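Structure record follows, encoded as structure tokens.
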Amino acid sequence: MANRTPTERAVLAEKKLAVPPVPRTYPVGKGEMVVVEVPVADSQHFVDKQRCMVYRDLELKQVTMSCGQQPETLVVAP
């Protein structure tokens, strides 16, 4: 992987962030779990994915959403 300039990384990051996430749905008990991996960029324009989970209780008509902390991208100094 070639070293990219901050401008090149910013352009690539914008392209990755423009792609909408594709949710995955799993049946769980009397509800369903929806998992979404959302692309996020740090201040250096490195892109990682943050996983969010939504549980939809179809019986009680309630929704719970949980997202972990925003991932940290390792930045190595030259």
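Before moving on, here are some points about what is shown:
- Looking at the stretch 29-78, the strands (runs of 3 or more DSSP E) lying wholly inside it that each contain 2 or more residues that are at pLDDT below 90 and within 22 Å of Pro6 (Cα to Cα) sit at 31-41, 47-57.
- Pro21 in a loop (DSSP other than H, G, I, E, B) and modelled with pLDDT of 90 or more: yes
- Qualifying residue in the stretch 44-51 (condition: farther than 20 Å from Glu8 by Cβ and out of contact with any Pro (no Cβ under 8 Å at 6 or more places or on another chain)): yes
- Within the stretch 7-43, if we keep just the residues that are among the polar types (S, T, N, Q) and under 17 Å from the mean Cα position of the chain (by Cα), the residue that is surrounded by the fewest Cβ atoms within 10 Å (Cβ to Cβ) turns out to be Ser43.
The values are calculated or read from the model by the stated rules, or taken from the named source; none is laboratory data. As the structure is a computational prediction, the values presented were derived from the model and not from experiment. When we count neighbours, we look across all protein chains shown, and the Cβ atoms used for this are built from the backbone with ideal geometry, even at glycine.
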